[in-house]
Amino acid sequence: MNRKLVIVALLAVLTASLSFALVANAQDDVTVTWRTRPDNQAEIDVYTSLSDSIDAKLDGVTLAYQAGGTETAGYQATLLTELAAGTAPDIFWIPGTDIATFAGEGVIANLSAVATADADFDASVFYPQQINELTYNPETGESNVEQALWGLPRDASSFALYVNLDLFEEAGIPTPTEQLEAGNWNWETFTQTVKDIGALGDDVVGFGLNAWWANWWLWMNAAGGGYFNADKTECALNSDGTRAALEFLVELYGSGETVPFGTDSEPPFIAGNVGMFLNGRWATPNTAAQATFNWDYAEVPAGPNGQSNWLFWGAYVVNASSLEDPARAAAVWNVLKELTSVESQGLVTALGANIPSRAGEDAIAAFFASPVSEGKNNAAFTNALANYAVAEAPLWTGNFGEYDAVVGAEVTKVINGELSPADFQANICGMVPALGM
Amino acid sequence: MTTLAYETEASRRALEKERRALMTQRILNIFVYIILTAVAYLLLFPFLYLLFTSLKTTTDVFHFPPRLLPYVPLTTEYNGEQVTLYSMEVNGQQRNMVDTGESVRFGFFTTEDLINVAEPRQSGLITQVPIDLATDTGRVVNVGGTDFPVYSVEVNGQSQELLLAFRGGLSRFVAPDDPTVETFANARTTSPVERVEFQWANYQSVLQLRNLDRSLINTALVTVLVTAGQVLTSLLGGYAFSRMQFRGRDAVFLVYLGTIMIPFVVLIIPLYQLMQVLGWQDHLVALVLPWIFTAYGTFLMRQFFITIPKELEEAAQLDGLSRFGTLFRVFVPLSGAAIATQAIITFLYAWNSFIWPLVIISEGNTPNHVVTLTLNQLRNAAQSEPNLMLTGAAVAILPPLILFVLAQRYFVEGIANTGSK
Amino acid sequence: MTTTMQAGQRSGIQPSDQGMTPQVMLVALWQALLGVGLVWGAIQVWNMPEFFNLGDVVQRFLAVVILLTAIAAFASAFMVWQLSNNGRFIAIIMNFSFFALSILLLGQVLGLYQGLDQLSEGLWRNAPWLLGFPIGYALVWVGWRFREGESVREWLVKAGLGVMMVTLVILLLLSGLPNSIADLFRALVQPVPLLVLGLLIGFFVVGTYLSRDGARFGETIAQRESWQGWLFLLPNFVNFSLFFAIPLLLSLYLSFTDYNAISRPEWVGLDNYIGLLQLEFHTIPAEQASGTVLTQGYGEIASIGLGANRLVIGARDTMFWVSLGNTFRYCFMLLLLGVMPALLLALLLNTKIPGMKFYRAIFFLPSIAAVVGVALIWQWLYDPIIGFINYAIRFFFPESNINWLSDPNVMLVAVVIMAAWQVVGFNAVIFLAGLQNIPKEVMEASTVDGAGPITRFFRIMMPLIAPTTFFVVVTTLISGLQAFSEMYVLLWATSDNARLTTVYYLYEEGFERFQFGNASATAWLLFIVIFIVTLVQFRLSNRSSAYQD
């Protein structure tokens, strides 16, 4: 009698707790995981707080932020294997160059349907260069949101010269910005400036850059050359513009007034020994924290073909498997929009390493008002983005990594004096892997 | 008598010869010592550089020309701020000055015969005055194809017409105790007053802020487990190969020997896949379990066990010891040196390994980093802070160094023995 | 010797040890069930829709291996039934192997291995307590300084060990061991772990029973030693199979596939090897650009002048060939700078002067440091402006300025100097041991014979230390052929192909461009190179040591 009662009571408790657990489970939030490649702990902290604030803002969604590695190669290798194993996060950041590879393998989702169904969404708030690439449909070769949307851009950056103003003061020559305002900032005045700064001492040089593709491609573009033709179906490295840029770089590096090609230019710049250092916005936090001299940004000089620059960007993309469940798909889309909102970008750009990917006034104003931007010529970046920067594009018609591995090695040979620009022009397009669909 | 004289003569000559030989030997020894000491200094220099640079400030590392000891500039209070003291000559006497931060554009003037056309900054100078105090005559003089403007400048109270070699900004320095004493100089090339000071805080900084403390513990744990595992499996395997007859033994041994030649890189990609399948990627276990097996260690242990007399083993078995007992009661106590050598080789290998952790532990997963990975990350993130980079390197190198000091004999002799076998 | 003598003998047979018993039947049944289970497993593997993205071939191969094991299990079941000792032998090895595998598997299903991370974190949180180990060790060390039998010694050693034990217990408690045990217990009470645990116990019981019941199967001592030998080898062999043999086979397979980590490996036959090795030869007028004759995608790797013409050698994978060339150049220079000076140092150290051990220790020091750490030091020593190396050179050549890490002509030399610095003392110590092994009498006899120091060195010393030289050269070469970390850390900022060694190329190909198939093929080509180099060295050393006979 008693025993039966106990059993019944126990069963009742069990059923109750079980059903409660089931109910609780049903009410559980959708957990959306996302990941970026932060550069340092400060960025990890900001992304974490961003994640928490979006989590609080969106009902029914729990956000979990994962900090990826700081080095490109390791970051992507991890992502690829996780995608293969099915353990990759829902939303992750990848560099613009990799969009084509990831989309080609079918591992990132085409958000076109979700985006066109969302009346609140407007792609035109971002820089057109980026959206053009993000909405590219490799099958039709057209770019519009109705056909494709591979993700939303996290940020943008162009290249600028980081200028050591003290050295210019010491040399008694006008700064790049002063020369630009005088309408006199071109390859000739640039070369002369490099020489003038280099003359200040044995341990002082005029210019430095870090040896990877954008750093030579930029000059090629300014001379009317480049890696590819306009629709990226053919090699354009054999153009005269490319050759002119290489000849310019050979002469510049031959002067001995530069940081040796292939040496990291950041340490000598921060030590105060380099007049102008070419880099993207991401070099700002380090410079701001460590430079003990007066410094500012300046625009890159105009080449024979006018001013040119690169628009660097990366995008938040969505794991293809996250769209399978409609509830999850909606949650992921909302998170994605929040991650690229004006407020989110303001939070991230306040750290100094990023520039908003939104071209609108509100985003730019927030960027200019952030403490790290104060008193600096930030327009050196935004002018380039708005006016003449071309997007760092994914290569839809080939493997960018393999293509660039060949080009990079040959360009390096040219600048190091092992190969003449003429031989480069004659042979390079035969050496690179063939392009085309 | 004569014989005695002869003998003394002979012994004297022998003595003389011996003494001369001794002298030669001594001179030779001194020579050898000098060379050995020079080589030792050369080999130790990078470590000295490491030690001293790890104790520098970032600015000090970039000091040109380079120097070994860490210096910091002396500061003083000026206008309510701590500013650097510079030592410079003012009105013929050496004084400590401070930089006011005001910059004045100067003209540097000289005559036609003192000017260096190719490098105007290297010209011999007559005077330097603020450019505003000089008056442009409007005329130019052409020297060697370059035009130099002619200015009217006051030199020692007299107006003089001189060529402007170049312009440049100079900072105004004043004496902190007497602001009326002023001079103009280039702040970049003026040497501050400095004293030697060691930045021990660098160590605290890399340990706590750069994740090195965590990775040290990870590495220690991984290294201890791998070393213990390898020694154990090698003991068992070496014993089986050397002292037991069993079907397939020689075939397996040959396969083992063959694997010693296979470079690790052959395994990287499939092992990476395997870790993925097992779900060990990004976990410390991926640095431990795959490394418990070692063909080389098994081989070394077998070579050592072969030299142990059979009689010992038979006696042990007559005493009723099992195979296991024989190995651990008889063989292991006899092979202290061999085990120590293997443990040390494994320790160094595990502690210093880089390519496998680089592949299997992702960059972002800092809690599971080992020291080599943290160093690699420091190299990426702290390029402009070489002092911190080298502090990290010093911390990573220290544990093997301590082990070396404690167990120098096993290191050197053990490795010498493996080579001569 | 002893074993062959005893081979014919049988251990003492008791009547109760003979004949069939229920236990033996149970064992036979167990083996048969094991066979059934393995067949089921093989079918499961064969039918899996996705096999970890590794492709059909691997899947089929694994299924077949499991099936073969199943056949062995059935065979052993039958043979055990027949009281055949061979069947027993198979069953013992099989049960203990499965026992070892079950232990590994149990750890896996319990998530024990990932727990290592938590352990490390626990240690990190309670890092101050780790000091207990050095303190304990110091006590033991001090204790050992006392003479044997003294009570102080005993006391100190015990105290030291005690301190370490207490530290360990405290650390484990603080690191959350009680919680972990509770978690472990909770994880264990799940169907899968329980099943694995059951199997584990089963394997152990059956294996132990069979190993004890040798007499029933007419086991000879040699036969007993046979399974005992395997059991001793087992931990070693299981690890070898799992983490060496299997990956090795997989690597060989992948080298014949096109595989980019996301999509499945696609069999392409020898394409990867052909792609890496394919060359083109063209003779063209000297002034003509090679691009005009080479096929699209080919690059010039060498050009040989032939009067007015030149022979252009083009490669499909230029970077592979460049990396191979760099690797050889690197090895050659490393032999020059890392082995020859080592021999000279060893000769100096061999003069038996006091203090030799001190110098030997200092010379050895660089070899114990991690390459990554060492490269960080050298990166700054090599700095063109603030580095000490250029500073020293400028003393003698004021105008010189060598860009050690960015000038393609010297960057490899820079790496070699660093590597030689690390390895020279190490090699010297090995040479020294070789020199010290030369019997005194030999050297004295040669001195009496009037041989000069140079003759003595080349005619007597060199042949006598030939095996040591062989060892040093081969180890230096093998490590040189696999050089990667040095370049990766020292030459990261440059984009010049002069930084590429074969392993560096492999790393970039695999983990930056995700061409896993191609990277595997590169690894195997490198293996072939190492194999040939070692073989050639072996032949050469055999010939040179033949002189001494």
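Computed values, structure above
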item: Test: residue in the stretch B:241-250 that is part of a helix (DSSP H, G or I), modelled with pLDDT under 90 and at the interface with another protein chain (Cβ under 9 Å from one of its Cβ atoms); result: yes
item: Selection status of B:V129, away from chain A (no Cβ under 14 Å) and aliphatic (A, V, I, L, M); result: no
item: Residues of the stretch A:193-244 that turn out to be of a type in the set (D, E) and within 28 Å of the chain's Cα centre (by Cα), as a count; result: 2
item: Where A:E410 falls short, out of the listed (1) within 14 Å of chain C (Cβ to nearest Cβ); (2) at pLDDT below 90; result: (2)
item: Number of positions in the stretch B:253-267 that are of a type in the set (A, V, I, L, M) and facing chain C (nearest Cβ under 7 Å); result: 5
item: Test for B:N186: is it touching a Leu at 6+ places or on another chain (Cβ under 8 Å), closer than 30 Å to B:G138 by Cα and either hydrophobic (A, V, I, L, M, F, W, C) or within 8 Å of another protein chain (Cβ to nearest Cβ) (or both); result: yes
item: Selection status of C:E225, part of a helix (DSSP H, G or I), assigned by TED's automatic domain parsing to the domain that holds C:S102 and of a type in the set (D, E); result: yes
item: Segments classed as helices (runs of 4 or more DSSP H), wholly inside the stretch B:263-315, with at least 1 members that are among the small types (G, A, S); result: B:285-288, B:295-306
item: Matching option when the condition is free of Cβ contacts under 8 Å to residues at least 60 places away in the same chain, under 25 Å from B:A40 (Cα atoms) and either in contact with a helix residue (DSSP H, G or I) (Cβ under 9 Å, 6 or more places away or on another chain) or facing chain B (nearest Cβ under 9 Å) (or both), among C:G387, C:G338; result: C:G387
item: Flag if B:I306 is more than 30 Å from A:D39 (Cα to Cα), more than 14 Å from chain A (Cβ to nearest Cβ) and either buried (at least 20 other Cβ atoms within 10 Å of the Cβ) or touching a Cys at 6+ places or on another chain (Cβ under 9 Å) (or both); result: no
item: Condition met for C:S520 (away from every other protein chain (no Cβ under 11 Å), of a type in the set (S, T, N, Q) and either surrounded by fewer than 17 Cβ atoms within 10 Å (Cβ to Cβ) or part of a helix (DSSP H, G or I) (or both)); result: no
item: Flag for B:N380 being over 21 Å from C:L131 (Cα atoms), within 11 Å of chain A (Cβ to nearest Cβ), in contact (Cβ under 8 Å) with a residue 60 or more places away in the chain and surrounded by fewer than 23 Cβ atoms within 10 Å (Cβ to Cβ); result: no
item: From A:Y75, A:Y65, residue being within 12 Å of another protein chain (Cβ to nearest Cβ), farther than 20 Å from A:P394 by Cβ and crowded, with 17+ Cβ neighbours inside 10 Å; result: A:Y65
item: Search result, residues across the stretch B:116-146 that are of a type in the set (D, E, K, R), at pLDDT below 85 and not in a helix (DSSP H, G or I); result: B:E119
item: Among the candidates B:A343, B:A337, B:A350, B:A396, residue that is within 29 Å of B:E197 (Cα to Cα), part of a helix (DSSP H, G or I) and in the same structural domain as B:L221 (by TED's automatic domain parsing); result: B:A396
item: Among residues of the stretch C:492-514, those that are more than 8 Å from every other protein chain (Cβ to nearest Cβ) and either over 28 Å from C:E266 (Cα atoms) or assigned to a loop (DSSP other than H, G, I, E, B) (or both), counted; result: 4
item: Residue check, C:L344 away from chain A (no Cβ under 14 Å), without any contact (Cβ under 8 Å) to a residue 60 or more places away in the chain and of a type outside the set (S, T, Y); result: yes
item: Any hit, the stretch C:232-245, residues being within 10 Å of chain B (Cβ to nearest Cβ), crowded, with 19+ Cβ neighbours inside 10 Å, closer than 30 Å to C:Q18 by Cβ and free of Cβ contacts under 8 Å to residues at least 60 places away in the same chain; result: yes
item: Index of the failed condition, B:E363 passing every other in (1) part of a helix (DSSP H, G or I); (2) in contact with a Gly (Cβ under 7 Å, 6 or more places away or on another chain); result: (1)
item: Flag for B:Y49 being farther than 30 Å from B:D178 by Cα, free of Cβ contacts under 8 Å to residues at least 12 places away in the same chain and hydroxyl-bearing (S, T, Y); result: no
item: Residue in the stretch C:525-547 that is under 29 Å from A:F102 (Cα atoms), at pLDDT below 90 and either outside any loop (DSSP other than H, G, I, E, B) or within 14 Å of chain A (Cβ to nearest Cβ) (or both) present; result: no
item: Selection within the stretch A:144-182 - among the polar types (S, T, N, Q), more than 14 Å from chain B (Cβ to nearest Cβ) and either part of a strand (DSSP E or B) or touching an Asp or Glu at 6+ places or on another chain (Cβ under 6 Å) (or both); result: A:S157
item: Which numbered condition A:P260 misses (of (1) free of Cβ contacts under 8 Å to residues at least 60 places away in the same chain; (2) more than 14 Å from chain C (Cβ to nearest Cβ); (3) not in a helix (DSSP H, G or I)); result: (2)
item: Filtered residues of the stretch B:101-145 (kept if under 30 Å from B:T84 (Cα atoms) and acidic (D, E)); result: B:E102, B:D132
item: Cβ-Cβ under 9 Å pairs, at least 6 apart or on other chains, the stretch A:43-69 side without any contact (Cβ under 8 Å) to a residue 60 or more places away in the chain and of a type in the set (D, E), far side in a loop (DSSP other than H, G, I, E, B) and surrounded by fewer than 16 Cβ atoms within 10 Å (Cβ to Cβ); result: A:D55/A:D29; A:D59/A:D29
item: Selection within the stretch B:115-156 - farther than 20 Å from B:S171 by Cα and of a type in the set (A, V, I, L, M, F, W, C); result: B:I115, B:V117, B:A118, B:V140, B:V141, B:V143, B:F148, B:V150, B:V153, B:V155
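Residues are listed down the side, and each one gets a yes or a no for (1) at the interface with chain C (Cβ under 8 Å from one of its Cβ atoms); (2) within 25 Å of B:V371 (Cα to Cα):
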| site | (1), (2) |
| --- | --- |
| B:Q281 | no, yes |
| B:L289 | yes, yes |
| B:T298 | yes, no |
| B:D319 | no, no |
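The values are calculated or read from the model by the stated rules, or taken from the named source; none is laboratory data. All values derive from a computational prediction rather than experimental measurement. Every residue, glycine as well, gets a Cβ built from its backbone with ideal geometry; the counts of neighbours run over all protein chains shown.
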